[in-house]
Structures are given as structure tokens and as C-alpha cells.
Amino acid sequence: MPALLTLITHNWYDIRDLSNLSGKIEQLIRDANGPGWLVFVVSALLGAAGIVSFIGVAAIINIWIERRVVGRMQSRLGPNRAGPFGLLQPVADAMKLMQKEVLQPKVADGLVFSLAPIAFTVPGILVMAVLPWGRNMALANVDAGVIFILALTSLGALAVFAGGYGSNNKYALFGAMRVIAMLVTYEIPSVLALLGLVLFSGTMNLSGIVLFQAKYWTPLLLVQPLPFIIYFISSSAELNRTPADLAEAESEIAGGYHVEYSGMKFGLFYAAELINAVSVSAIIATVFLGGWWFYKLDEVVPGWMIFIGKIYAVYFLFVWTRGTLPRFRIDQLLAFAWKWMTPMAFLNLVLVAAEVLIWNETGVSAGLVLPLYAVINTAFAGALIVAWVKVMGPKFSRFPERLRYYSQIDVPSLPAVAPRMDEGAPGLTEGRSA
Amino acid sequence: MPPDLLLAAIRLEHVLVLGALLFSIGILIALSKRNAVGVLMGVELMLNAVNVTLIAFARFVVSPRPLDGQVFAIFVITVAAAEAAVALALAVAVYRHRETVNIDEIDLLRW
Amino acid sequence: MITDTGIVVAFYVIGITTVASALMVAAVRDLIHAVLFLVLSFVGVAGIYVVLSADFVAVAQILIYAGAISVLLVFAVMLTPAGDRRNSETAFRAPAAVLAGLVLAVTVFVIYDTNWRIASHGQFGATAASLGRAFFKPYIVPFEVASVLLVAAMVGAIALTQEEGEDGAA
């Protein structure tokens, strides 16, 4: 213990990378001949504490950010009473939720009902563990990290289904079935989008993808804009955020899968949605924007600060779409995935495979080939989107054929109905003639 | 039974026994459930048990290409996915024609 | 033989959880509960794969079994009538239990009777890249056959579930 104190007080460590600190602590344990498992336990606890504290703070702050930004976009003020700029509003909300009674319907499926909010929260937190927060700052450097992330995001939807089914409420069940349908649909484009990146960078390890971008000084967003669009849309559908929040559409099915939840169980669902939004933003920041790397900046600023900055840049995009787009219908959303995004993702995958093959076979220098590919892929993405809109989009007409006002509609007068005595029940004819 | 056989180490036999347990539970479910979906769940469990065995052999047994067990496991997972899709489609189709997925009542071939 | 204490404890905890949730699949009365316990069992099997240093297979297991097949099962359960959602047994329950017990006994006997050629190689490193190489060099034909099988299964599933009169289907 005194050794730990001198570590903190007397030795100045390079705070740009927190892995140095944890590495020193592990070194201390090894020097003191501590048991081997203690090293793993300590490093796991350190990483978990860091991630959970980040998530806790982020969930609180994101409520404020989201409400203020959406308020500004919709010409409202947003919360502005509790504390300066309404900053204490999330705290007040959390305290209100904690004080509320946790109700459980008598017909609910007890265990499933109670476990669903927890099962919904866990995947979003687990995603954070495999992301690289700095050069050596991945808590679990999983080799198949991209597939691990995809697997975790699919588990969250199952938890939502459990919540909706366990509530034993028809609106909740509607929400649950919508979640399952959207999951099945949007899994495919998001997998295909990330597969293109895996092909291009040649690794499924998330640290490896970031290192690839750092090596060639190119965020993959520049080289592959189409997968970014596809992954952004499909992940916002998997997150149940507003352009695609069919599972909880308040105006249609009264809150969907969490209609029966109250108190802190509802709070957990609410927080988990924000956490999942942050973790998807973090995934996008890692694979498309280069994670902790930002040109020469990561030699001066701690990598995790750059990473958090990128996370919030992507998160702003999510808030933006939420504040400005109306909700889809369920058939529109599913058709959009099958008819638009899946074919586009397939075409993109073929193009990327050809590009990687050409790059490997010819051995042209990266400085020449990457800008070329960036131009080609951007042009391809634009052409593909325009072509799809031309072929499958709704036809635009400058002067709509449909009449716009009720007074313009020529309503034909109803033909007079003569009472017929030969058929029908006598009661009916009496009613008509009267 | 020597004491180190049980808890001090994982030996090949321990993993194989785990696989055997899962396989026999799968047999029990597949043979005794009344609902067609329940039967399918038993079959999936049996496939999982086989995969556990394959992975255990890949990890423990001498082989010129040690990763072959994992390759086989991935093929089994692929086949299981295809099988699940077709079997569940069958269950839905049978329900549409016969109004039931109770395998006691799906007995058209008996007459 | 793995002797690392943490891994051994993890193996036993995960193994007991897996077998217990598999038993619960047989025991619970509600079919949706059975599906959820089955998902737990699938995740446990993925944990066993991690213990046996098969990381890629473990992740594929979670993605395909816990993510996709469980969703298919949920779909099938919800598409079939509520009256059949009791997870009940047929009259074959007792013979099935006897048969399962016999299979278990015979396999356990064989497992402990056989002299396995145990290797001394340690745990594998990252397996994803070498698995990919294995798929595209020695196993290229089975790999292509598997993709054909998946396409056939997809077409078959769509053909089976398509309603008559919908888009000119048979």
C-alpha cells in the first residue's frame, strides 16, 4: 500500500495513456510476488471502474445534451430551471424516478419482466470493453472485435423482446415484435457495412483498425462513405432512436415495450438507451473516424480525450436526426432496409473487394491509392444513391395532382335510395323509409 | 478417483462429459416435447453439444492441423442456422395447414 | 490439460450454468421461458469455447445462436397459437428419459475408457486469421457447399412460408 501511495504522489506518469498507470500497478503486484490471478483481477477492476464511471457520467450528461439540443432545434428552450442552464435537470429526473413506486402488473411474467432492463443494459456496457480508448487502452483486446460488437448489439434486441413479452400487455407485445422484426432486417446491412471495413483494413481487431487508420493517416470515413451512411442508419434503427423508434412509438402504441415499466426499472431502460447510443457512437468513432488517433494531436492530448470528443461528434449526429426527422412507418422502415440498404451494401462490398485486390496485387503506394479510392468510392456512393432514388424513390412532382383543400373537392351528391320492398328484413326497410 | 481429476484442472474428459450431458439433455427434449418448436430446441442443443466436443478435441488432441476442430465447428454452426430456418418455416407452414404445431396431432402419414 | 486456477473455476461455473439452463429448457412450462433459458445455455457454450481458446467460434456462436437462431425461435413461437405455448411433454417422456440416460452412460464410459492422444500444445493465439486461411485453402469446397446450402435453405424457407396467392407463389 505505501508503494501505491508513492506511485501516485512522487512519480509523474505519462497521463496521455492511462494504460501506463495500470501497467505500473500490475508491475508493483508482480514485484511484490503477488499471485498471478491478482494481476488480472486488478486490471479488470481498473478497466471496469473506468468504463462504468464514464458510462454513468455520460448517461447523466447525455440526457441534458439531448434535451437541450433537441429543444434548440425545435425552437424551444429545453430544461432550464434546475441549476445553471438546467444542468441539474437529469439529477432531478433520476431522483424522481428513484422515488417512484416500481409497479409490476399482476399478469406480468415476473422473472422475465424484472430481468429485461438489466439484460438490456449489459451489452451496451460490454461493447465499451473491447473498444480501444488509447494506444494500449483496450480492456479486452478481442481478436474478432467487430463480430463481437455485432453479436452484442443483437443481444440487446432480445432483451427488449423479453421486456415486451413479460409485460403481458398488447402494446408492449407490439413493440417487442417490432423490435425483433427490425433487428432481423437491420442486422444484414450493418454487418455488410462493417465487413467492407474489415476487408479494407485487413483485420477484425478494433485496435488493428485504428492502427490501420493511424498508419495511413486516413479516417476510413473518407475512403468508405457509403458504409458510414448505411451503418449510421441501421444502427439508429437498432437503437430505437426517433426516426426509427417504432418499438416505443408513443403516439401509436403508447410507449411500446416499456409501457408497463415504472420507477427505476423504467429508468434503467431509459438510461440503457442512452448508453447504447453512446456505445454505438463509440463504435462509429472507432471504425470510421480513427478512435484515439487524430493526425499529430494524439501525441500531445491523451488519446481517450480525442476518442470522447469523436464519440460526442457522432452522438450529435444521432441527436440531430432525432430532432429533425419524423418517425417512419414499420413497413417503410423494413422496406428501406431490404430494398435500399442491403443491395447497396452488397454492391459496395464487391467494389471494396475489387479495390483491395487491386491494391494487393499491384502494390501501388498508399499515398497514391487511398485518395484515388476515396474519390472513386465517394462518386460511387453518390451515383448509387441517386440511381436508387431515381428507380425506387417516390416520384417528385412540382404541381401535385392531389387536391389540397376540402373546398376544391367535388363531392358528387349521393343517389337517392328508393325503399325496396321485395328484399331485406322488414325492420331495415322500415328504418330507411322513416 | 484421484482428487486432482475433479477440480484442479480441466482435462479432455471433463469437457467431453459436459458435451455428453448437453447431448443427452438435447435427446430428452427432442424426443419428449409436444411442440414442434420445442423439438427443434432439443436438436439445436444436441448440435451445440457436438460443437463443444469438436472444440475440445481441437484444443487437447494431437493433430497435424490443430485448428480443424474449430473449422468443423463453424461448419456445424452454418448447417444449424440453415436447419433452424427451414425447420421453423416448416413449423409455420404446418400450422397454416393444420392449425396446430402439436406433433401428436400432425399425423397425416399415419393413415 | 489446463491448470490455470482462474480458467478452471470459470470452466466449472460456466459448465454448471450451461447444463442447468439446458435442464431448465426441459423443465419449464412456458415455451418463451424455454427459449430464454436456451439462449442462456448458448451463451454458456460460447463461454466454454472461450475457455478452450476458440475465440472466433465463441463470437460466431453468440452472433448466430444467441442472436439469430433464438430470434427465429421467438418468431416461430409467436406465430404459432397461444394454446400450444405450454412446453408440455408427449407420452414418450419416460422412454426418452431412459434413452437419454443410456446415451449419457455409454458416452461417459467410452470417454473414460478411451486412451486419448493428449497434446501438449498450449492455447491457441488469435484464431480468426488462421481459420480464414483454413477456409480458403484446404476447406474451399466445403465452404462453397455451405454457402450453396445456406442459399438453398433461404429459398426453401421463403417458399415454405409464402402464403398462396402472394406474389404469384405456388
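Here, each number is a calculation from the coordinates, and none is a lab measurement. Predicted model, so just to flag it, every value in this text is computed and none were measured. Because the Cβ atoms are built from the backbone with ideal geometry, glycine has one as well, and the counts that use them run over all protein chains shown.
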Please list the non-local residues whose amide H lies under 5 Å from the amide H of B:VAL61, H modeled 1.01 Å from N, same-chain partners needing a gap of 5 or more. C:ALA119
If each K or R counts +1 and each D or E counts -1, the residues other than C:ASP113 whose Cβ falls under 15 Å of its Cβ total +1
Distance between the stretch C:5-74 and the stretch A:364-391 - C-alpha centres, whole angstrom: 43 Å
The stretch C:1-88, Rg to Rh (Cα coordinates; Rh as Kirkwood inverse mean 1/r): 1.08
Once a ≥ b ≥ c are taken as the square roots of the eigenvalues of the Cα gyration tensor of the stretch B:3-98, is the result rounded (a/c under 1.5), prolate (a/b larger than b/c) or oblate (a/b not larger than b/c)? oblate
Any idea how many Lys pairs in chain A come in under 27 angstrom at the alpha carbon, given 8 or more places apart or on separate chains? 13
The residues C:PHE75, A:PHE346, sorted from fewest to most surrounding Cβ atoms within 10 Å, come out as A:PHE346, C:PHE75
Can you tell me the alpha carbon radius of gyration of the stretch A:84-156 divided by the globular rule-of-thumb value 2.2 N^0.38 Å? 1.59
Provide A:MET182, A:MET177 in ascending order of the number of other Cβ atoms located within 10 Å of each residue's Cβ, fewest first. A:MET177, A:MET182
Of C:PHE143, C:PHE109, C:PHE56, which has the largest mean-square fluctuation in a 10 Å C-alpha GNM of chain C? C:PHE109
Packing-based exposure ordering (other Cβ within 10 Å, fewest first) of A:LYS100, A:LYS215: A:LYS215, A:LYS100
What residue among A:VAL39, A:VAL319, A:VAL411 shows peak mean-square fluctuation when chain A is described by a Gaussian network model with Cα springs under 10 Å? A:VAL411
Give the Cα extents of chain A along the principal axes, in whole Å, largest first. 106, 62, 40
Per the Cα gyration tensor, chain C corresponds to an equivalent ellipsoid with semi-axes, largest first in Å, of 33, 27, 17
With labels modelled as points extended 7 Å from the Cα through the Cβ direction, what inter-label distance (nm, one decimal) is found for C:VAL110 paired with A:ALA354? 5.1 nm
Counting Lys +1, Arg +1, Asp -1, Glu -1, what net charge surrounds C:THR127 among other residues with beta carbon under 10 Å of its beta carbon? -2
Compare A:TYR216, A:TYR312, A:TYR261 in a GNM of chain A, Cα atoms joined below 10 Å, and give the one with the largest fluctuation. A:TYR216
